[in-house]
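Let me begin by presenting the structure, written as structure tokens, before commenting on it.
Every number in this text was worked out from the coordinates using simple rules, so none of it is lab data. These numbers were taken from a predicted model, which means no experiment stands behind them. Cβ placement follows ideal geometry from the backbone for every residue including glycine, while neighbour counts extend to all protein chains displayed.
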Amino acid sequence: MKNSRLPSRSAFALLCAVTCAVFAAPTAKLAPHPAALPNTHAPGEVDRPELVPFIVADPASLSGIVVDETAATLVGKWQYSTHTPPYVGLGYLHDLRAEKGAKSATFTPELPRAGWYEVRLAHCSNVRRTTTAPVTIRHGDGETIVRVNQREEPPHARLWRTLGTFRFAAGRAGFVRIDNAGTSDGYVIADAVQFLPVPPPSSPTP
Ligand SMILES: [Ca+2]
């Protein structure tokens, strides 16, 4: 006979997922960005606990080339947070909704080979975010600027938003830069950027 006072198996599974996502240590040691202000939220203090299972604690577990905020070049004051899951690695940075137009976070990948890459931006979402985060992609054919509504939940694993597919040279010539100009309607989030190798757009379908 089923004991209704015991948590269901699905509840156990969710609890395990939450616990693992919050407390499991990544395989590689991550160090916070030395120039960023520290997180003020205690572990487990989150506004949307149902999204904790979507946290990617270890950036090395992801496909492609991933640049986390730990390796970003920061201009201006950015602060760590883990309050709104999901995120990659230790957490995400926000611009404190201050000094608009004076801050940026640049994510520069070390691309192993020239070619086409789908570029994805990781950002959590809530109503306090900006709707117009300017994201500049420097690629092999110039620069493209995409305005990202960070109030909308990203479509890939509730964490990733595709910025486009671009041609890149090998090495560190390309980058993705998030800045906070023209974003007075909310916080700007900088978490991680992913570069996924893809076939050239003109390739015939196999
Ligand atoms: Ca991150």
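Quick look at the numbers
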{"read-out": "Neighbourhood charge, 11 Å Cβ-Cβ cut-off, centred on Ser63 and excluding it, Lys, Arg +1 and Asp, Glu -1", "value": "0"}
{"read-out": "Summed residue charge, Cβ within 13 Å of Gly76's Cβ, Lys/Arg positive, Asp/Glu negative", "value": "+2"}
{"read-out": "Surrounding net charge for Ala133, when Lys and Arg each add one and Asp and Glu each subtract one, Cβ distance under 14 Å", "value": "+4"}
{"read-out": "Long-range amide H partners of Ile55 with built H, under 5 Å", "value": "Tyr87"}
{"read-out": "Per-residue ³J(HN,Hα) for region 74-83, Karplus 6.51 cos²θ - 1.76 cosθ + 1.60, θ = phi - 60°, Hz, x for Gly and Pro", "value": "9, 10, x, 8, 10, 10, 6, 8, 10, 5"}
{"read-out": "Net length gained if the chain between Ala170 and Val198 were fully extended (0.36 nm per residue, minus Cα distance)", "value": "8.7 nm"}
{"read-out": "Glu110/Arg147 FRET efficiency (R0 35 Å; Cβ-Cβ; nearest 0.05)", "value": "0.80"}
{"read-out": "Cβ-based exposure ranking for Trp78, Trp160, Trp116, in which fewest neighbours within 10 Å come first", "value": "Trp116, Trp160, Trp78"}
{"read-out": "Between region 99-153 and region 59-74, the alpha-carbon center distance in angstrom", "value": "13 Å"}
{"read-out": "Arg48 versus Ile65: modelled label distance in nm, points set 7 Å from Cα along the beta carbon direction", "value": "3.0 nm"}
{"read-out": "Residues with amide H under 5 Å from that of Gly171, placed H, sequence gap 5 or more", "value": "Leu111, Arg113"}
